Ligand SMILES: Nc1ncnc2c1ncn2[C@@H]1O[C@H](COP(=O)(O)OP(=O)(O)O)[C@@H](O)[C@H]1O
Ligand SMILES: [Mg+2]
């Protein structure tokens, strides 16, 4: 008897749950698409493309001129919109649920956030590349703190892991940035787990260990690898070993992707640039690591020094696409729009 009652109860529960699910309306908005933040959504809405159907029907060229996106970004957006519309009801709900889990972590600069579609996204790899002193590490420091802020304030309400390969992590900077973001400096430091990677193998191991940290109950929402390539580059020199290096790097990136996706955390990696004397026009620098890193990163920003102490960030997919640039500043309190 008791068993039957239990069964009945269970059935009622299942039925209720099903009904609730039906009631949940799928209301996808533009900001549910990858790389679309409030500002771009507003631009599109004002131009009469306020829903997914109209965006799905656009050509990349049209979207580029409407929203100032790069070609690859525009293609990603259109593909995502088309995919959602093609999905059946349940899979669209799942897609929406997955996208709604994504948290956008503030860089401290509105301009830079907007360039990235709202901030540094969880479930994605964001790569900053640029020459020495361009601000890659500084942005990493800011993110390590801002991740700790509540979601409503642009954070992710979690902890950060900082894999430092160059010995440039500075607790004093964390304290300064925390003060300006309204996070207690001691807390800020406690919530950043720093590890100095000594070799590329060590670096790979540290990345894998992040899973253990999460399982032990540390709510890690950001994983920084600063820098991604330097150790690989130092260890693998000469032509013969280039393929080995790429293979290992590929494996490492695969790990990073998997962690980002499985645990809804953001991955921020930095990358150096090397000089390309064969490029005569434009910026004669190119990211190290080649195509593998480029394809593996969801968002890539190229950083350089601008006029009067400013920094210029450019969303990159291909060097010859329409500009999608912004200006920001590095200050004692972190990253800012103002000089
Ligand atoms: N406390 C600070 N106040 C203002 N600017 C700073 C501060 N600390 C660092 N910077 C700026 O950041 C630059 C270093 O940027 P960094 O992120 O380390 O470069 P990289 O791209 O090589 O990682 C410095 O040259 C300086 O311009
Ligand atoms: Mg650095």
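For the stretch 103-336, compute Rh as the Kirkwood radius over C-alpha pairs and then the Stokes-Einstein diffusion coefficient at 20 °C and 1.002 mPa s; write the answer in µm²/s, rounded to an integer.
121
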Ranked from fewest to most other Cβ atoms within 10 Å of their own Cβ, 220, 139 fall in the order 220, 139
If each of residue 175 and residue 243 carries a label point 7 Å out from its Cα toward its Cβ, how far apart are those two points in nm? 5.2
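Just to verify a number: FRET efficiency for residue 307 and residue 338, C-beta to C-beta distance, R0 = 25 Å, to 0.05?
On the way: r = 15 Å, r/R0 = 0.58.
With a Förster radius of 25 Å, E is 0.95.
Using 1/(1 + (r/R0)^6) with R0 = 22 angstrom and r between the beta carbons of residue 62 and residue 110, what's the FRET efficiency to the nearest 0.05?
Values: r = 26 Å, r/R0 = 1.19.
Calculated value: 0.25.
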How far, in nm, would the chain grow between residue 325 and residue 132 when pulled straight, counting 0.36 nm per residue and subtracting the alpha carbon separation? 67.5 nm
So how much slack lies between residue 42 and residue 168, counting 0.36 nm per residue of separation and subtracting their Cα-Cα distance, in nm? 41.5 nm
Using only Cα atoms, locate the centre of the stretch 147-206 and the centre of the stretch 37-115, then give the distance between them in Å, rounded to an integer. 30
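Just so you know, all these numbers are worked out from the coordinates, no wet-lab data involved. Worth saying up front: this structure is predicted, and the values here are computed from it rather than measured. Cβ: placed from backbone, ideal geometry, glycine included. Neighbour counts: every protein chain shown.
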